[in-house]
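The values are calculated or read from the model by the stated rules, or taken from the named source; none is laboratory data. Keep in mind that this is a model prediction, so the values were computed, not measured. FYI the Cβ positions are ideal-geometry reconstructions off the backbone, even for glycines, and counts take in every protein chain you see. Note: accessible area is taken over every heavy atom of the protein model, side chains too, but ligands, DNA and RNA are not part of it. Shrake-Rupley method; radii C 1.70, N 1.55, O 1.52, S 1.80 Å.
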Amino acid sequence: MKKILQLLTSLLLLVAMFSCDNSTSGTTFDSTSDWWVKGSFDGWKDSVDDETRHFFTIDEVDNNILTYEVTGLYTLDYEFVLVDAAGTEWKAPTATTAVSDTALTFVSAENANATFTAAFTTYTIKVDITDAEAPSVTIEAGSTAATAPTFEVLADNLIFKGGIFDSNWTAQTGVLDATAKTVTYDDLTIVSNSGEFGIDGIDGWFEGLTIDSPTVEGESTTPANFLKSGGNSKLINVPKVDSVYTVVITIDPEATNIEEKYSIAFTLKTLGTEDWVIDFAWLAPRTKIKGDLFDIGWTATAGTVNATAKTVTYEVTIDNASGSFGFEIFDGGGWATIEDPLASGDAAVEIISNANGNGQFSDAAVDDVYTVVVTIDDTVALDAGRYMLSISKN
């Protein structure tokens, strides 16, 4: 009987130990944080639907300590950012972006992607959110030395996309040629003569090119190397509407200069039949809105067109109002934003092509319905007041 009582006592102690409250916040311990990390180590994957968000693990002893182990790394420079439960991105301060075993405090303004150079195949990103408005970040290296990536690794991680194509920034599927060290994208239809494109991958985002389109079927551009700065790349002077191109990206895995690793060439496969006419009738159906402020989320949504007033109108419900949130407008050539916060009832503000950041709406209320009006002046250039935006509460 004594042994039975001892066993029961031990069992009760075990139950008590494993069901106790380990949380510093006074709630039952949950091993998964609502903070997550995204970065160039896997092409910035962040899909909820595909479950590719990399959520941190909460430390059982101190719930303010979060960790995530990045694996499968090569001898490359990597970038990453943190995202909190509200969707706010936390990045490194612009003055210091390199993360190491010395704590670096992340910020949500005046920031840049955090960076580190991988000497090992694994690194643990460690975040201290004792002060959630100043997350402190370090990284801890693994023990296995990293190696340089092969062509196949670089190509498999390559993401090529652009607003210039009818796919509208959807990543394209290419055909790999390990002998020629190329990735080929065929039958890409152009829908904008001022659109942009770029490539992403485990080397980061490449940009900075302005390429003059061929004008004769079968002609190709001279291969041009991508840069690491200078804004999204552009294909200009597209000769006809709906022209079709073949794009070849060449990868040099032996390149020591990162800006010589990737080059691109466009071949005009099929010349379109119509001239470009950039008027309201062409612009209006291509003017769309999206944003995590609205119930439509980041899915680009078309509005109601009024050809007489030259407006496109959207009726949206606010479903995320814990601060100011972004929205963007698409004009067939790229996403554009407003520079300064806009409140309901304010005078219309200009939408600026390639403005940094997302437009901000400062007085949103959950479940309130708003009317968003974009007025289009098709007599002026994109960067000179073509689009004006206003918001009013219904």
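Residues in the range 234-251 that are without any contact (Cβ under 8 Å) to a residue 60 or more places away in the chain and either in contact with a Cys (Cβ under 8 Å, 6 or more places away or on another chain) or not in a loop (DSSP other than H, G, I, E, B) (or both): ILE236, VAL241, VAL244, TYR245. Within the range 228-257, restricting attention to residues that are under 25 Å from the mean Cα position of the chain (by Cα), among the aliphatic types (A, V, I, L, M) and under 17 Å from PHE160 (Cα atoms), the residue that is modelled with the lowest pLDDT is LEU235. Considering only residues in the range 170-201 that are at pLDDT 90 or above and of a type in the set (Asp, Glu), the one that is farthest from the chain's Cα centre (by Cα) turns out to be ASP177. GLU254 fulfils the conditions (1) in a loop (DSSP other than H, G, I, E, B); (2) open to solvent by 70 Å² or more (accessible area, probe 1.4 Å); (3) more than 24 Å from VAL175 (Cβ to Cβ) except for a single criterion, (3).
Quick one: which of THR184, THR179, THR189, THR170 is more than 30 Å from ALA112 (Cα to Cα), open to solvent by 20 Å² or more (accessible area, probe 1.4 Å), outside the structural domain of THR121 (by the TED database) and free of Cβ contacts under 8 Å to residues at least 24 places away in the same chain? Explain how you work it out, then say what you get.
Values: THR184 fails: free of Cβ contacts under 8 Å to residues at least 24 places away in the same chain; THR189 fails: free of Cβ contacts under 8 Å to residues at least 24 places away in the same chain; THR170 fails: more than 30 Å from ALA112 (Cα to Cα).
Exactly one of THR184, THR179, THR189, THR170 is more than 30 Å from ALA112 (Cα to Cα), open to solvent by 20 Å² or more (accessible area, probe 1.4 Å), outside the structural domain of THR121 (by the TED database) and free of Cβ contacts under 8 Å to residues at least 24 places away in the same chain, namely THR179.
Does the range 327-349 contain at least one residue that is modelled with pLDDT of 90 or more and outside any loop (DSSP other than H, G, I, E, B)? Checking the range 327-349: not a single residue is modelled with pLDDT of 90 or more and outside any loop (DSSP other than H, G, I, E, B).
Based on this model, can you work out whether PRO223 counts as touching a helix residue (DSSP H, G or I) at 6+ places or on another chain (Cβ under 8 Å) and open to solvent by 10 Å² or more (accessible area, probe 1.4 Å)? Working first, answer last.
Numbers: touching a helix residue (DSSP H, G or I) at 6+ places or on another chain (Cβ under 8 Å): no; open to solvent by 10 Å² or more (accessible area, probe 1.4 Å): yes.
The answer is no for PRO223.
Evaluated against (1) surrounded by fewer than 19 Cβ atoms within 10 Å (Cβ to Cβ); (2) on the phi < 0 side of the Ramachandran plot; (3) at pLDDT below 95, PHE160 falls short on exactly one condition, (1).
Here's the yes/no breakdown for (1) on the phi > 0 side of the Ramachandran plot; (2) without any contact (Cβ under 8 Å) to a residue 40 or more places away in the chain; (3) not in a strand (DSSP E or B):
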{"site": "TRP36", "(1), (2), (3)": "no, no, no"}
{"site": "SER47", "(1), (2), (3)": "no, yes, yes"}
{"site": "GLU60", "(1), (2), (3)": "no, yes, yes"}
{"site": "THR75", "(1), (2), (3)": "no, no, yes"}
{"site": "GLY87", "(1), (2), (3)": "yes, no, yes"}
{"site": "ALA95", "(1), (2), (3)": "no, yes, yes"}
